[in-house]
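The values are calculated or read from the model by the stated rules, or taken from the named source; none is laboratory data. Since the structure is predicted, the reported quantities are computational estimates derived from the model, not experimental observations. All Cβ positions, glycine included, derive from the backbone under ideal geometry; neighbour counts span all protein chains shown. Surface areas here come from the heavy atoms of the whole protein model, side chains and all, with no ligands, DNA or RNA. Shrake-Rupley method; radii C 1.70, N 1.55, O 1.52, S 1.80 Å.
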Amino acid sequence: MDGLKIDDVAKQSGLTKRTIRYYEQLGILPSPPRSDGGFRLYTQEHVDFLKKITNAKEVMGFTLQELQEFITLSDTLEFQKMDYRKVKGTDQQREKLQKVTDTVEEQLKLIEQKKKKILNVEADLVSLRDRARAALIRFQEEEE
């Protein structure tokens, strides 16, 4: 049975072996088949999936819980797109497109929530910086 060993996957994905196993334990990463000796045998799809996870986690700042929700929605969206393709040209098309739209809206809500949190942190930091600068100016004026 051919496949990538966890060392190879770790190198290609930029993650540690421990993180890969942890994602598998949480159910974020689908469990790969195992060799006769019990070694995990990953595919390139596993590597690509881990890169996608890393991107969502790092770029969007998702927590593991948010990441699981985002991935679940992504999986649902893929299923819905395949389902839509099966009924293309039929009366069911509108219903399938509505499901796709609803799922994308849920993903966008997750991203919007994350953006609001980031903007709140930024606003707090800007406020702190401005107060600190004002205090520095007062100190300078008192010294003169």
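When the C-alpha atoms of the stretch 82-144 are aligned to their principal axes, what extent does each axis show, in angstrom, from largest down?
Principal extents (largest minus smallest coordinate, Cα): 81, 13, 13 Å.
Under a Cβ-only charge scheme (Lys and Arg +1, Asp and Glu -1), can you give me the dipole magnitude of the stretch 97-137 about the Cα centre, in debye to the nearest 20? Could the numbers behind the result be given before it?
Numbers: 9 positive and 7 negative charges, 41 e Å.
So the magnitude is around 200 debye.
What residues have an amide H closer than 5 Å to that of Leu15, excluding those fewer than 5 places away on the same chain, when H is modeled at 1.01 Å from N in the peptide plane?
Long-range HN contacts for Leu15: none found.
Among Tyr22, Leu4, Leu50, flag the residue with its Cα farthest along the positive direction of the charge dipole of the stretch 1-60, charges on Cβ as +1 for Lys/Arg and -1 for Asp/Glu.
Tyr22
Have a look at Arg34, Arg18, Arg129 and tell me which one the Gaussian network model of the chain (Cα, springs below 10 Å) gives the largest fluctuation.
Its mean-square fluctuation being the largest, the pick is Arg129.
Quote the FRET efficiency, to the nearest 0.05, computed for Gln113 versus Phe139 with a Förster distance R0 of 41 Å and r equal to the Cβ-Cβ distance.
Numbers: r = 40 Å, r/R0 = 0.97.
Once rounded, the FRET efficiency stands at 0.55.
Explain nothing, just compute: Karplus ³J(HN,Hα) = 6.51 cos²θ - 1.76 cosθ + 1.60, θ = phi - 60°, for every residue of the stretch 123-139 in order, whole Hz, x for Gly and Pro.
Karplus values, whole Hz, x for Gly and Pro: 4, 4, 5, 5, 4, 4, 4, 5, 5, 5, 4, 4, 5, 4, 5, 4, 4.
Order 133-140, 98-105 from most to least packed using the mean count of other Cβ atoms within 10 Å. Let's see the in-between values first.
Working: 133-140: 9.8, 98-105: 13.5.
With the highest mean Cβ count within 10 Å placed first, the list reads 98-105, 133-140.
Restricting the calculation to Cα positions, tell me the Rg (one decimal) and the Dmax (whole number) of the chain in Å.
Radius of gyration, then largest Cα-Cα span, for the chain: 23.1, 81 Å.
Using a 1.4 angstrom probe, figure out how much accessible area the chain has per residue, in square angstrom, rounded to the nearest whole.
On the way: 10590 Å² over 144 residues.
Per residue, the chain has an accessible area of 74 Å².
Return the sequence-ordered ³J(HN,Hα) values of the stretch 78-86 in whole Hz as given by the Karplus equation 6.51 cos²θ - 1.76 cosθ + 1.60 applied to θ = phi - 60°, using x for Gly and Pro.
Karplus-based 3J(HN,Hα) across the stretch 78-86 equals 4, 4, 5, 5, 5, 4, 4, 4, 5 Hz.
May I ask for the net charge around Gly3, where only other residues with Cβ less than 13 Å from the Cβ of Gly3 are counted and Lys, Arg are +1 while Asp, Glu are -1? Write out the running numbers ahead of the final one.
Details: positive: Lys5, Arg34, Arg40; negative: Asp2, Asp7, Asp8, Asp36, Glu45.
Here the charged neighbours net out to -2.
What do you get for chymotrypsin sites (Phe, Trp or Tyr not before Pro) in the stretch 1-57 restricted to DSSP loop and a cutoff of at most 15 other Cβ within 10 Å of the site's Cβ?
Details: sites: Tyr22, Tyr23, Phe39, Tyr42, Phe49; in loops: Phe39.
Here the sparse-neighbourhood loop sites are Phe39.
Once you have the alpha carbon radius of gyration of the stretch 1-41, what is it after dividing by 2.2 N^0.38 Å, with N set to its residue count? Numbers along the way, then the final one.
On the way: Rg = 9.9 Å, N = 41, 2.2 N^0.38 = 9.0 Å.
The value comes to 1.10.
For the stretch 40-94, state the semi-axes of the equivalent ellipsoid (square roots of 5 times the eigenvalues of the alpha-carbon gyration tensor), sorted largest first and rounded to whole angstrom.
Values: eigenvalues 160, 50, 14 Å².
Sorted largest first and rounded, they come to 28, 16, 8 Å.
Can you give the angle from 0 to 90° between the axis of helix 17-26 and the longest principal axis of the chain, with both taken from C-alpha atoms, to the nearest 10?
With both axes taken from Cα atoms, the answer is about 70 degrees.
Spin-label point model (7 Å from Cα, Cβ direction): what's the Asp36 to Thr54 distance in nm?
3.3 nm
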